[in-house]
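Below: one structure, written as structure tokens.
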Amino acid sequence: MTLRVGVIGTGMIGQDHIRRLTEVLSGVEVVGVTDIDQARAAAAAPGGAEVFANPSALISSSNVQAVVICSWGPAHEEQLLAAIAAGKPVFCEKPLVTSEAAALRVMEAEAAHGRRLVQVGFMRRFDADYRRLKAVIDGGRLGAPLMFHSVHRNASVPGGLYTSDMPLNDTLVHDADISRWLLSDEVAGVEVRVPRRSSRGGELRDPVFVLLHMASGALVDVEISVNIAYGYDIRGEVSCETGVAALPNRPATVISDANGIRQAIPEDWRERFIEAYDQEFREWILAASHGTATGPSTWDGYAATLVADAALRAAFSNSFEAVKMIAKPGLYGPPAALAAE
Ligand SMILES: NC(=O)c1ccc[n+]([C@@H]2O[C@H](COP(=O)([O-])OP(=O)(O)OC[C@H]3O[C@@H](n4cnc5c(N)ncnc54)[C@H](O)[C@@H]3O)[C@@H](O)[C@H]2O)c1
């Protein structure tokens, strides 16, 4: 069976996902696209795909069985609610939504549907290195995880569009999600410290240093540097009771020349996580073909939204800000502590 998919938002990541759905993966066909920039949608549409006038026309089309949302964060809620109302499985790029109230509305709609329909684009969970790291921690041979050091470095971010809040409300969501997932824990509170500002970022609050207090008492420190010039560098190391487990350096050709011995660093997230994005869509296609969703859920999107909100408060208060979650709805499985057992 081939899953017929409609893509909303044909910008940078929308085009990359259309490429993978069209040229890399099987069992799927992009039958429709839409964007507020209709010319961009038309240019991105694969042969034979319809260019819809707006997201609601795409979602309600009987030819579209499942929806991929790659528009800007503030547009996600309306598109998610429309897809859920139509009973269609939906892949939504992070952030799920941009406020707690919106996340609660999406969870309510999904609960009313009675079955999971939403997968959120936290692709790190599908990365083979992160999966091996999680298997070591879950295996328990190093004892309980006590600290996680997470490093998130971008060479640069698009000028103009990227605001001072974005390291905390757009970038941090990846580290928040991977911390919750790796440690099978929830974030109970956040502190933010802003070191000396990089002269490369202009008015941008960059870098930032975030401390996540996990419910178990474990601590996660996150370095976010979004203008570090040399490349896209993601690192992670978990300190446990009897040992340490870390992401490996990615294999890359070792070049020796007059400048020394060195290995290339990925330019951006598309290169570093290319296999992870492929795998997240493989698993999404499988679940969506059965009319449901697996992987990172609306609950996970809600949790990341709360962490981002708390981090923004913490950046201004310069003190600990609590993350207060509702009880986990049954649709999303047992609470983290039980799930880890
Ligand atoms: N998972 C990841 O690693 C990752 C990486 C990059 C971006 N993202 C996320 O993907 C989303 C898109 O990011 P991008 O970098 O492709 O941005 P972009 O600006 O390149 O593209 C977004 C596109 O969505 C369109 N759009 C916006 N609102 C719309 C609406 N209401 N209806 C229809 N089209 C609309 C815009 O016209 C634009 O073409 C964001 O939520 C971003 O955070 C995730």
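Considering region 252-338, the qualifying helices (runs of 4 or more DSSP H), each wholly inside and each with 2 or more residues that are surrounded by fewer than 19 Cβ atoms within 10 Å (Cβ to Cβ) and acidic (Asp, Glu), run over 274-289.
Criterion first (of a type in the set (Gly, Ala, Ser), within 28 Å of THR305 (Cβ to Cβ) and either outside any helix (DSSP H, G or I) or within 12 Å of the ligand (Cβ to nearest atom) (or both)) does SER62 satisfy it? Spelling it out, it is not the case that SER62 is of a type in the set (Gly, Ala, Ser), within 28 Å of THR305 (Cβ to Cβ) and either outside any helix (DSSP H, G or I) or within 12 Å of the ligand (Cβ to nearest atom) (or both). Go through the residues of region 1-13 one by one and say whether even a single one is modelled with pLDDT under 95, more than 10 Å from the ligand (Cβ to nearest atom) and among the hydrophobic types (A, V, I, L, M, F, W, C). Checked region 1-13: at least one residue is modelled with pLDDT under 95, more than 10 Å from the ligand (Cβ to nearest atom) and among the hydrophobic types (A, V, I, L, M, F, W, C).
Does ILE234 satisfy being open to solvent by 60 Å² or more (accessible area, probe 1.4 Å), in a strand (DSSP E or B), in contact with a Lys or Arg (Cβ under 8 Å, 6 or more places away or on another chain) and in the same structural domain as THR163 (by TED's automatic domain parsing)?
no
What do you reckon, is GLU108 within 11 Å of the ligand (Cβ to nearest atom), modelled with pLDDT of 95 or more, open to solvent by 50 Å² or more (accessible area, probe 1.4 Å) and not in a loop (DSSP other than H, G, I, E, B)? No: the conditions fail for GLU108.
The residues in region 65-86 that are near the ligand (Cβ under 10 Å from one of its atoms) and farther than 18 Å from TRP284 by Cβ can be counted, and the count is 5.
Taking residues in region 101-121 that are hydroxyl-bearing (Ser, Thr, Tyr), and partners anywhere that are open to solvent by less than 30 Å² (accessible area, probe 1.4 Å) and part of a loop (DSSP other than H, G, I, E, B), not one pair has Cβ atoms closer than 6 Å while being at least 6 places apart or on different chains.
The values are calculated or read from the model by the stated rules, or taken from the named source; none is laboratory data. As the structure is a prediction and not an experimental result, all values here were calculated from the model. All Cβ positions, even for glycine, are placed from backbone atoms using ideal geometry, and neighbour counts span all protein chains on display. The accessibility values were calculated without ligands, DNA or RNA, using every heavy atom of the protein model including side chains. Shrake-Rupley method; radii C 1.70, N 1.55, O 1.52, S 1.80 Å.
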